[in-house]
1. State the Cα centre-to-centre distance between the stretch 221-252 and the stretch 169-192 in whole Å.
2. Which value in Å does the Kirkwood hydrodynamic radius of the stretch 49-183 take, with 1/r averaged over all unlike C-alpha pairs and then inverted?
3. Could you work out the per residue convex hull volume over the alpha carbons of the chain, in cubic angstrom?
4. Per-residue counts of other Cβ atoms within 10 Å, averaged by peptide: what ranking do you get for 46-59, 156-169, highest first?
5. Applying 1/(1 + (r/R0)^6) with R0 = 25 Å to the Cβ-Cβ distance of residue 53 and residue 262, what FRET efficiency is obtained, to the nearest 0.05?
6. How much length would be gained if the chain were fully extended between residue 247 and residue 208, taking 0.36 nm per residue of separation minus their Cα-Cα distance, in nm to one decimal?
7. Using the per-residue mean of other Cβ atoms lying within 10 Å as a proxy for protection, in what order, highest first, do the peptides 68-81, 109-122 fall?
8. By the gyration tensor of its Cα atoms, with a ≥ b ≥ c the square roots of the eigenvalues, what is the shape of the stretch 1-103: rounded for a/c under 1.5, prolate for a/b over b/c, or oblate?
Ligand SMILES: [Zn+2]
């Protein structure tokens with residue numbers, strides 16, 4: 001049986017300068033999470049050979065399209081992608097490429113506040129929303145969420161603002177929901193961006209909660225995954241690992257791979273190469289048909 005691949009994209013999640021141990025992660029996430037990340041990940045650079053501080057729009061575009069987005073733009077671009085980056089994302093991305101090869105893909109995040117059409121008209125489109133709109137064409141909503149067929153971006157649903165009362169769940173339950181979605185798909189993506197938001201805030205109490213939830217979620221995914229499940233976790237740029245600054249960092253991000261051989265150190269030098277690692281190494285899609293230009 002083919003592997004079920006789960007990818008978690010954690011925004012603003014870098015490797016601390018002094019390593020995983022004795023870091024903010026060991027303080028807020030516990031030794032199990034730190035042990036997993038240090039044993040099953042390699043560092044990947046996010047600067048793409050361009051000066052300045054790495055940012056989300058170019059970082060995530062690189063991660064999900066394989067294009068060196070910062071080089072194309074001549075700089076690191078923050079926030080939501082503009083027209084040129086959106087054009088790149090629509091040209092090809094992990095979802096569209098896998099779908100072309102007959103794979104079943106899922107974006108697990110629930111869209112509770114707005115529909116995909118409303119977001120499109122508001123031009124408030126993140127990299128992942130742009131990618132979903134141009135490939136899958138629909139997003140999971142509150143009904144999907146309440147029936148365990150989606151995961152809310154805070155994992156626990158505690159920040160949902162809704163007219164109906166919504167019960168909070170544990171990060172462990174969110175992990176089990178994600179595993180059940182992944183059982184029906186070849187590739188399932190989940191995006192966690194509260195790490196970046198917390199990294200921009202001066203209050204480390206928020207970061208403690210956000211990293212605490214993330215670590216419980218990741219440990220449960222690893223513990224409850226079957227042998228057919230492969231888990232990838234990576235980031236778009238550093239931020240939350242360094243509480244001495246409220247800005248992004250130039251630190252590398254981890255490429256965590258569980259259930260599949262880890263690439264050798266330096267085999268994946270830069271963030272855009274993660275795209276090819278997923279297509280070629282994991283899905284065995286040859287480079288000639290993985291959209292190289
Ligand atoms: Zn940020």
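Please treat every number below as a calculation from the coordinates, not as lab data. Fair warning: this is a prediction, and the values are worked out from it, not measured in the lab. Every residue, glycine among them, receives a Cβ derived from its backbone with ideal geometry; neighbour counts consider all protein chains shown.
1. The two parts, judged by their Cα centres, are 16 Å apart.
2. Working: mean 1/r = 0.0621 Å⁻¹.
Hydrodynamic radius (Kirkwood, Cα only) of the stretch 49-183 equals 16.1 Å.
3. Values: hull volume 36.8 nm³, N = 293.
Value for the chain: 126 Å³ per residue.
4. On the way: 46-59: 20.6, 156-169: 12.4.
The peptides rank, most packed first, as 46-59, 156-169.
5. Values: r = 28 Å, r/R0 = 1.10.
Step by step, r from the Cβ atoms, then E = 0.35.
6. Full extension from residue 247 to residue 208 adds 12.3 nm.
7. On the way: 68-81: 18.3, 109-122: 15.2.
Highest mean packing first, the order is 68-81, 109-122.
8. Oblate shape, in that a/c is at least 1.5 and b/c is the bigger or equal ratio.
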